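Inspection log for the structure reproduced underneath, given as structure tokens.
The values are calculated or read from the model by the stated rules, or taken from the named source; none is laboratory data. Note that this is a predicted model, so its numbers are computed, not measured. FYI the Cβ positions are ideal-geometry reconstructions off the backbone, even for glycines, and counts take in every protein chain you see. Please note that ligands, DNA and RNA were not included when accessible areas were found on the heavy atoms of the full protein model with its side chains. Shrake-Rupley method; radii C 1.70, N 1.55, O 1.52, S 1.80 Å.
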Amino acid sequence: MFQIAIDGPSGAGKSTVAKALAARLGIVYVDTGALYRTIGYYVRSRGVSPSDARGVEALLGQIHIRVAFEEGSQHVYLNGTDLGNRIREPEISMYASTVSAIPAVRTFLLETQRQIARENSVIMDGRDIGTVILPKADLKVFLTASREARAKRRVLELAQKGIETTYAQVLEDMEKRDEQDRTRAVAPAVAAPDAVVVDNSELTFEETLQTILKLAKERIAELGD
Ligand code: DC
């Protein structure tokens with residue numbers, strides 16, 4: 001089993017690059033943000049405030065999450081239903097970030113993530129993969145970029161999903177969310193001490209991909225020695 005952890009703030013391009021790397025290396029790509037988004041979606045659907053820790057905790061018993069990999073892509077089932085792009089709405093991003101600061105939510109999702117990594121060689125993207133979920137990952141990358149570069153990419157990514165926004169709105173939401181993720185008490189979104197920090201503000205997608213692919217191949221060769 002081989003484990004790659006990719007952490008970093010939103011809009012750094014973690015998911016696009018991790019997906020491409022998974023295809024190149026023949027391993028499974030796991031998007032852990034989708035799990036927090038699924039909880040955020042449920043909390044909103046029940047009319048509970050995401051910052052109401054007790055209210056959110058009380059809902060966890062009603063939530064069953066199953067992750068499946070179908071034809072190379074991840075599907076998250078919430079009580080039997082695949083929510084698809086509904087969890088990608090900007091409002092859900094904020095719900096996900098806020099509920100993710102609640103320790104009981106993180107505990108609720110911990111085992112699901114570790115189980116996937118026990119059963120498959122993975123490249124897992126998130127905020128605390130290298131620090132908490134897979135502290136012994138074979139390679140840890142903290143992928144980041146300037147706020148402007150990240151906001152620009154985010155606008156494009158949302159447009160591709162048919163979600164219309166403005167640059168200013170995306171920048172504001174992104175900063176608020178990243179600040180919240182970075183400063184929370186439990187599993188803050190910071191680089192693990194042994195992570196390789198890759199700043200791709202000035203890199204193309206292909207250059208980012210090649211940089212991490214090289215790191216991964218070096219690690220694979222080392223492990224084979
Ligand atoms: O990666 P994303 O934008 O889909 O994640 C949505 C939110 O979920 C993010 O703002 C913080 C939270 N999250 C987390 O706390 N830990 C992870 N491993 C992944 C996501």
Translational diffusion coefficient (Stokes-Einstein; Kirkwood radius from C-alpha pairs) of the chain at 4 °C, 1.567 mPa s, in µm²/s: 73
Rounded to 5, the percent of DSSP beta bridges in region 3-150 classed as antiparallel: 40
Within the chain, helix-based [θ] at 222 nm, where runs of 4 or more DSSP H residues each add -39,500 (n - 2.57), nearest 500: -16000 deg cm²/dmol
Inter-centroid distance (Cα atoms) of region 182-225 relative to region 1-50, Å: 15
Extended-chain gain in nm, criterion 0.36 nm per residue less alpha-carbon gap, residue 71 and residue 175: 34.0 nm
Angle between the chain longest axis and helix 167-183 axis [Cα atoms, degrees, rounded to 10]: 80
On Cα atoms only, tilt of 90-100 relative to the major axis of the chain in degrees: 90
Given 140/161; 161/214; 136/176; 19/176; 19/136; 19/161, the pairs whose alpha carbons are separated by over 19 Å: 140/161; 161/214; 136/176; 19/176; 19/136
Neighbour cut-off at most 10 other Cβ (10 Å), DSSP loop, trypsin sites (Lys or Arg not before Pro), region 33-136: 136
Most mobile of 40, 72, 162 in a GNM of the chain (Cα contacts under 10 Å): 162
Sulfur and carbon atoms: percent of accessible area, the chain [1.4 Å]: 52
Per residue, in Å², the accessible surface of the chain once ligands and nucleic acids are set aside, probe 1.4 Å: 48
On Cα atoms only, tilt of 103-119 relative to the major axis of the chain in degrees: 40
Charged-residue dipole, Cβ positions (Lys, Arg, Asp, Glu), the chain about Cα centre, Debye nearest 20: 380
Cut-off of 10 Å, at most 10 other beta carbons, DSSP loop: longest stretch of the chain lacking such GluC sites (Glu not before Pro): 72-163
